[in-house]
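Before any comments, here is the structure.
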Amino acid sequence: MNTLKDEQLQELVERAVQAKGFSYSPYSGFQVGAALLCEDGSVYTGCNIENAAFGPTNCAERTAFFKAVSEGKTEFSAIAIAGGRTGEAITDYTYPCGVCRQVMAEFCKSDFRILVAKHKEDYKIYTLEELVPHRFGPDDVL
Ligand code: THU
């Protein structure tokens, strides 16, 4: 298990909440932010980016992953996710959708941590193994 300090996780949650502020979500009115911690300690943030054609919409988690991978990062420790309706306080935990879970399964090991957060003092932590058991991944193909 990789060890992560509480302060590090709280900082990651704060970065996710900040990133939520950049959400482009005029169609759903649901803003999501994510902050992805790389094994080298760097953090990539992302928000959901919607589209009038709906299909091209990208979730916050995938925005963060694709930013990181496009800059050469492929080793990850944790991701924090925060979501809620535009203009309202965060009242619920936002869990990653199936497509984002599959992207996590491509790059992350079983002990990768997924934090679903309301704020830095209110979050739950899961492992990838818990949220995507019996996953299909690179080992099945390579
Ligand atoms: N969304 C995310 O960005 N991440 C999630 O984990 C769940 C859903 C976005 C997609 C869409 O822009 C909006 O939330 C409503 O589904």
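Going from the fewest other Cβ atoms within 10 Å to the most, the residues S70, S77 appear in the order S70, S77. Taking every lysine pair in the chain that is 8 or more places apart or spans two chains, those with Cα atoms closer than 20 Å amount to 11. Of P96, P26, P56, the residue with the greatest mean-square motion in the GNM of the chain, using alpha carbon springs below 10 Å, is P56. Here segment 96-126 and segment 7-81 have alpha carbon centers that stand 11 Å from each other.
Each value in this text was obtained by applying a stated rule to the coordinates, not by laboratory testing. No experiment lies behind these values; they were computed from the predicted model shown. In this analysis, Cβ positions are derived from the backbone assuming ideal geometry, glycine residues included, and neighbour counts consider all displayed protein chains.
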